[in-house]
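See structure below.
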Amino acid sequence: MRHVAPFRATSYPVTAYIGRRLLQMIPMMLGISLVLFAIIQATPGGPEAALLGTGRAVDPQALAAYRHRMGVDEPVPVQYVRWLTAALSGDLGESFSTGRPVSRMILERLPATLELMGAAFLIAVLAALALGIFSAVRQYSAFDFLGTGFSFLGIAMPVFWFALILQLVFGVWLRWLPISGRETVGVATLADHLKHLILPASVLSLRYIAGWSRYLRSSLLGALRADYVRTARAKGLPERTVVGVHAVRNALIPVVSVMALNLADLFSGAVITETVFAWPGIGRMFVTAMYARDYNVLMGILLMGSLMVLVFNLVADVVYGILDPRIRYG
Amino acid sequence: MASLVVFVLIAAACLAAPVIAPYRFDAIDLRAMSQAPSLHHLMGTDGLGRDLFTRVLYGGRLSILIGLLSAALATGAGTLVGAVAGYYGGFVDSVLMRLTDVAYAIPSLPLLIVLASFTQADATSIAVIIGLLSWMGTARVVRAEVLSLRTTAFVEAARALGASTRRIIGRHILPNAVGPIVVGATLAVGNAIIAESSLSFLGLGVQAPVPTWGNLLQDATSTMATYPWLTIFPGLAILVVVLAVNFLGDGLQDALDPTARSS
């Protein structure tokens, strides 16, 4: 008999819960869009800056026409409502510097970013599991102390500096790995692709390995003292089963929800990582757009990032409920 | 406690930079360009022959100052929002907490980048922006504390004695919630130092010639392969200080919360 309760046949259907949560996301998104719009409106520069940035004198008539075409000569509330209705139909306006639709630009870059985030997430989950379980099972061992030291380092280290040091060691000194881009031009093999992925994904995962392994360690230490673990041991189950099936399964519950929550701020980390490694994703596009004061692009990316956060929060709650049958979807 | 000593030592060294530093932070020495670390130049020199050890000391002044300032701001704002929301509850609570949710949901670093690009890059405005984007955690923690303290007997007693709301919150509730607030504040210092360095790295932090750890690193990246010490030392400085502050926070957590299992 397993001491972990089986997946429960829900009395409250999860779908109804998800539906209600999705509805609650609407006012949140409205609030977020309002805040973002207000911030971007406060930007000095704006589209004229993009046009005037060339250093040439601009004909006032041409400028007025440009402003009119971009819709920035209208009252701010009108701009907001128009922007919002357009955004709802997937139209995020066009980039001031390239003149292309923002949504298409984002979609083009999205795969690269998702690939990086996915790889980092995978590395982080596996490493954190191994590190956390080992540290807890061998509490106060040399390995445990090493793990603690590593976590503190991982959390205190600026992401970009860690990236630079890895570039220095593996790219410049050892020459093992490429330090920029997503693939070597003309060599689009899988191996080449993976080689490019290793360093940025490791950099991005560091912080999460550090955080999650600590979290899992303390959660597992708690679980190992629980009555059901003592019962399992008393039944004479092998230690491997006791730890692996009974304790870890329960210790993972809070950790998994933290993982899902953190998935969202992987995106913040991706901005820095992509910039250092010249990874052609959304993060790098964001930094480029910032230098160009291309605020439709900035706004589009921020909006997409916020949506990602809300969705991952929802995922965190649902996963939590699935793993822990005591949680009721109220 | 060792962490406190380390932090204070480094902070003091940075503060005393004009006395300790062997050179002026902007002293250019063209005969000593890009030298590797040596006895004359403990951390080497940069492309203009400026002594890196001196510049790291001076850089620390601003980096640590920004860290402290924005942590103070974030803690103050977070405590205020959390206390008001938790104490009054109801409509005020919902409005403030939805606001917190919204602020939480916008990816922080990209937003920080956008805001930093608006301001002229001086230390104060950078500190203010970082502070204003990191109060949400404290607000939630304080709210939860206040919610549970609000119904305790000693708060009831204070209210029965006719104490004003401000006095109840300030004198009776918050002192009992000081543990998580202080711990949050120390962690905020470390995070703010890292945030400043990230901004500087993207060219949005405090501008040269005044050094900060972040802009020292930014200058170093282009010559990283040939002059690696320029990248290594400022980063180590950040690492050590943030590490010290985080250890301090960890220690405080154990010290202030007797129920916490020290692990």
Q. For the subset of segment A:294-330 comprising residues that are surrounded by fewer than 22 Cβ atoms within 10 Å (Cβ to Cβ) and among the aromatic types (Phe, Trp, Tyr), which member is farthest from the other protein chains (Cβ to nearest Cβ)?
A. A:329
Q | Only listed residue being of a type in the set (Ser, Thr, Tyr), at pLDDT 80 or above and surrounded by 14 or more Cβ atoms within 10 Å (Cβ to Cβ), chosen from A:113, A:10, A:85 | A | A:113
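Within segment B:190-202, is there a residue that is under 30 Å from residue B:220 (Cα atoms), among the charged types (D, E, K, R) and in a helix (DSSP H, G or I)? Break it down stepwise before answering.
Initially, segment B:190-202 is screened for residues under 30 Å from residue B:220 (Cα atoms), giving B:190-202.
This time we only want the ones that are among the charged types (D, E, K, R), so: B:196.
Adding the requirement that they be in a helix (DSSP H, G or I) leaves B:196.
Checked segment B:190-202: at least one residue is under 30 Å from residue B:220 (Cα atoms), among the charged types (D, E, K, R) and in a helix (DSSP H, G or I).
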Q. Condition test on residue A:92, is it assigned to a loop (DSSP other than H, G, I, E, B), at pLDDT 75 or above and touching a helix residue (DSSP H, G or I) at 6+ places or on another chain (Cβ under 9 Å)?
A. yes
Q) Looking only at segment B:235-244, which residues are touching a Phe, Trp or Tyr at 6+ places or on another chain (Cβ under 7 Å) and more than 8 Å from chain A (Cβ to nearest Cβ)? A) B:237, B:241, B:244
Q.
Just the residues that are at pLDDT 85 or above and not hydrophobic (A, V, I, L, M, F, W, C), please, taken from segment A:155-185.
A. A:158
**Q.** Those residues of segment B:105-126 which are surrounded by fewer than 21 Cβ atoms within 10 Å (Cβ to Cβ), touching a residue at least 24 places away in the same chain (Cβ under 8 Å) and more than 7 Å from every other protein chain (Cβ to nearest Cβ), in sequence order
**A.** B:121, B:122, B:123, B:124
**Q.** Which numbered condition residue A:133 misses (of (1) over 26 Å from residue B:222 (Cβ atoms); (2) over 22 Å from the mean Cα position of the chain (by Cα); (3) free of Cβ contacts under 8 Å to residues at least 24 places away in the same chain; (4) more than 14 Å from chain B (Cβ to nearest Cβ))
**A.** (3)
Q) Condition test on residue A:95, is it polar (S, T, N, Q) and out of contact with any Leu (no Cβ under 9 Å at 6 or more places or on another chain)? A) yes
**Q.** Failed condition for residue A:195, given (1) surrounded by 17 or more Cβ atoms within 10 Å (Cβ to Cβ); (2) assigned to a helix (DSSP H, G or I); (3) of a type outside the set (S, T, N, Q)
**A.** (1)
Q. Being buried (at least 21 other Cβ atoms within 10 Å of the Cβ), polar (S, T, N, Q), part of a helix (DSSP H, G or I) and away from chain A (no Cβ under 14 Å), is that true of even one residue in segment B:129-142?
A. yes
Q. For segment A:185-205, how many residues are more than 14 Å from residue A:277 (Cβ to Cβ) and not aliphatic (A, V, I, L, M)?
A. 3
Q: Restrict the check to segment B:76-97 and report whether at least one residue is surrounded by fewer than 21 Cβ atoms within 10 Å (Cβ to Cβ), farther than 30 Å from residue A:295 by Cβ and within 14 Å of chain A (Cβ to nearest Cβ).
A: yes
Q: Tell me which residues, restricted to segment A:264-293, are more than 11 Å from chain B (Cβ to nearest Cβ) and more than 21 Å from residue B:222 (Cα to Cα).
A: A:281
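In this structure, does residue B:68 turn out to be within 10 Å of another protein chain (Cβ to nearest Cβ), touching a residue at least 24 places away in the same chain (Cβ under 8 Å) and either assigned to a helix (DSSP H, G or I) or within 26 Å of residue A:262 (Cα to Cα) (or both)?
No, not satisfied.
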Q: Could you check, for segment B:161-178, whether at least one of its residues is more than 9 Å from chain A (Cβ to nearest Cβ) and closer than 29 Å to residue A:151 by Cα?
A: yes
Q: Output the number of the condition that residue A:205 fails; it satisfies all remaining conditions of (1) over 23 Å from residue A:167 (Cβ atoms); (2) more than 14 Å from chain B (Cβ to nearest Cβ); (3) buried (at least 22 other Cβ atoms within 10 Å of the Cβ).
A: (1)
Q) Just wondering, is there one or more residues in segment A:216-223 that are in contact (Cβ under 8 Å) with a residue 40 or more places away in the chain, buried (at least 20 other Cβ atoms within 10 Å of the Cβ), within 14 Å of chain B (Cβ to nearest Cβ) and of a type in the set (D, E, K, R)? A) yes
(Q) Where the second residue is among the aliphatic types (A, V, I, L, M) and not in a helix (DSSP H, G or I) and the first is in contact (Cβ under 8 Å) with a residue 24 or more places away in the chain and more than 9 Å from chain A (Cβ to nearest Cβ) and lies in segment B:212-229, which pairs have Cβ atoms under 9 Å and are six or more apart or on separate chains? (A) B:212/B:206; B:215/B:206; B:215/B:208; B:219/B:208; B:227/B:36; B:229/B:36; B:229/B:43
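Conditions tested, residue by residue: (1) more than 30 Å from residue A:281 (Cα to Cα); (2) out of contact with any Leu (no Cβ under 9 Å at 6 or more places or on another chain); (3) in a helix (DSSP H, G or I); (4) not β-branched (Val, Ile, Thr).
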| position | (1), (2), (3), (4) |
| --- | --- |
| A:221 | yes, yes, yes, yes |
| A:232 | yes, yes, yes, yes |
| A:243 | yes, no, yes, no |
| A:251 | yes, no, yes, yes |
| A:256 | no, no, yes, no |
| A:261 | no, yes, yes, yes |
| A:265 | no, no, yes, yes |
Q. Conditions: (1) within 8 Å of chain B (Cβ to nearest Cβ); (2) without any contact (Cβ under 8 Å) to a residue 60 or more places away in the chain. Residue A:159 meets all but one. Number of the miss?
A. (2)
**Q.** Contacts under 9 angstrom Cβ, first residue in segment A:162-175 being under 13 Å from residue A:197 (Cα atoms), partner in a loop (DSSP other than H, G, I, E, B) and at pLDDT 80 or above, 6 or more apart
**A.** A:163/A:277; A:167/A:277
Q. Out of (1) crowded, with 22+ Cβ neighbours inside 10 Å; (2) in contact with a Pro (Cβ under 9 Å, 6 or more places away or on another chain); (3) at pLDDT below 85; (4) part of a helix (DSSP H, G or I), the odd one out for residue B:211 is which?
A. (4)
Q) Quick one: in segment A:246-274, which of the residues that are within 15 Å of the chain's Cα centre (by Cα) and not aliphatic (A, V, I, L, M) is surrounded by the most Cβ atoms within 10 Å (Cβ to Cβ)? A) A:273
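The values are calculated or read from the model by the stated rules, or taken from the named source; none is laboratory data. If you're wondering where the values come from, they're calculated on a predicted model, not measured in any experiment. Counting neighbours? That spans all protein chains shown, and the Cβs are built from the backbone with ideal geometry, glycine included.
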